[in-house]
Structures are given as structure tokens and as C-alpha cells.
Amino acid sequence: MPTDYIAITILIVSFIGLVLLRFPIGLTLIASSLLTIIYVKVPLAIVGQQMFQGVNSYSLLAIPFFILT
């Protein structure tokens, strides 16, 4: 269980640190997430698959298409 606390601490501290250094928010989110993923030792292939699976939804695709129309 202490590993979870360390991972959360890495995520929060890296996010706040990069924001205070005036990095763009998008890059800050990516960098903080990658640091945490590397610490937890999750394979990057699984991360990509989960991201695609989360976006592969008809209701999420309907929102941008509705806005475009």
C-alpha cells in the first residue's frame, strides 16, 4: 500500500512543480502521468490500449460531431 501513496505523491508534486515552473498545462499533465507510469512500471502498450478503449465509445464520438454540425 505505501507504493500507492508514493505514486500519488509523485503525480501531485510533479504536477504542481511543473505548473509553478510555468510549463503549459497539457505538457504538465503528460509529464506527470508519464513519471507516475514509469514509477509504477506499467507497460506503455497497455496504457495506449486503455486510452483507445476509453475513447472508442459512440457517445463520446457523438459530442464533437454534434458540435461540428
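The values are calculated or read from the model by the stated rules, or taken from the named source; none is laboratory data. Quick caveat: nothing in here was measured; it's all calculated off a predicted structure. These area figures cover heavy atoms from the full protein model, side chains too; ligands, DNA and RNA do not enter into them. Shrake-Rupley method; radii C 1.70, N 1.55, O 1.52, S 1.80 Å.
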Exercise for review: Express the carbon and sulfur contribution to the solvent-accessible surface of the chain as a percent, rounded to the nearest whole number, probe 1.4 angstrom.
Suggested key: 78 percent
**Study point:** Whole-Hz ³J(HN,Hα) from phi, Karplus 6.51 cos²θ - 1.76 cosθ + 1.60, for the stretch 25-32, glycine and proline x
**Key:** 4, x, 5, 5, 5, 5, 5, 5
**Study point:** Rounded, prolate or oblate (a/c below 1.5 giving rounded, otherwise prolate when a/b exceeds b/c) for the chain by Cα gyration tensor
**Key:** oblate
Review point. Residue by residue through the stretch 54-69, which ³J(HN,Hα) values in whole Hz follow from phi under the Karplus form 6.51 cos²θ - 1.76 cosθ + 1.60 (θ = phi - 60°), with glycine and proline marked x?
Key: x, 8, 7, 9, 5, 5, 6, 6, 5, 5, x, 5, 5, 5, 5, 6
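Solvent-accessible area per residue for the chain at a 1.4 Å probe radius, Å²? Numbers along the way, then the final one.
On the way: 5940 Å² over 69 residues.
Dividing the accessible area of the chain by its residue count gives 86 Å².
Hey, what number do you get for the chain at 222 nm if only DSSP H runs of n ≥ 4 count, each worth -39500 (n - 2.57), divided across all residues, to the nearest 500? Let's see the in-between values first.
On the way: 4 runs with 58 residues, N = 69.
Only helices count here, giving -27500 deg cm²/dmol.
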**Study point:** Area of Thr9 that stays accessible when all protein chains are in place (1.4 Å probe, Å², to 10)
**Key:** 80 Å²
